[in-house]
Amino acid sequence: MKHLAWLLKWMVKAAIFFTLFAFALNNQQDVTVHFFFGTQWRTPMVLLVLVAFAAGLTLGVLAMVPRWWRHRAAARRADSTPAVPEENGPATSMFHHGT
């Protein structure tokens, strides 16, 4: 079963790779991107799609950074606060093996 899952995972990866490869081969025509003030950029379409994907990925990661920092700070605060012992029993440590 483990071998079958491994094989299925690699087949999905190969299918994605060949699909993207075929996309790249089919989109080699030049496109023109018009910027402001008459500036333009001519490039193959597949390169333009790659640049757009990378820009979206970068913006997504940068948008998540503040949330990651807040989460890390909250986790650090939670680790640094001492555990409050229960009121009904003696304060024991989970690492103490009663001697």
- Note on the structure: Counting only residues that are under 19 Å from LEU20 (Cα atoms) and more than 21 Å from the chain's Cα centre (by Cα), segment 31-63 contains a total of 7
- What do you reckon, is LEU20 loosely packed, with under 10 Cβ neighbours inside 10 Å and free of Cβ contacts under 8 Å to residues at least 24 places away in the same chain? no
- Task: Considering each residue of segment 1-30, count those that are within 23 Å of LEU47 (Cβ to Cβ), more than 24 Å from the chain's Cα centre (by Cα) and of a type outside the set (A, V, I, L, M), and give that number.
- Result: 5
- Run down ALA78, ALA14 and say which single residue is in a helix (DSSP H, G or I) and exposed (fewer than 10 other Cβ atoms within 10 Å of the Cβ). ALA78
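Throughout, read-outs are computed from the coordinates displayed, never taken from laboratory work. Everything numeric in this text was worked out from a predicted model, so none of it was measured. With ideal geometry, Cβ positions are generated from the backbone for all residues, glycine too; neighbour counts draw on all protein chains shown.
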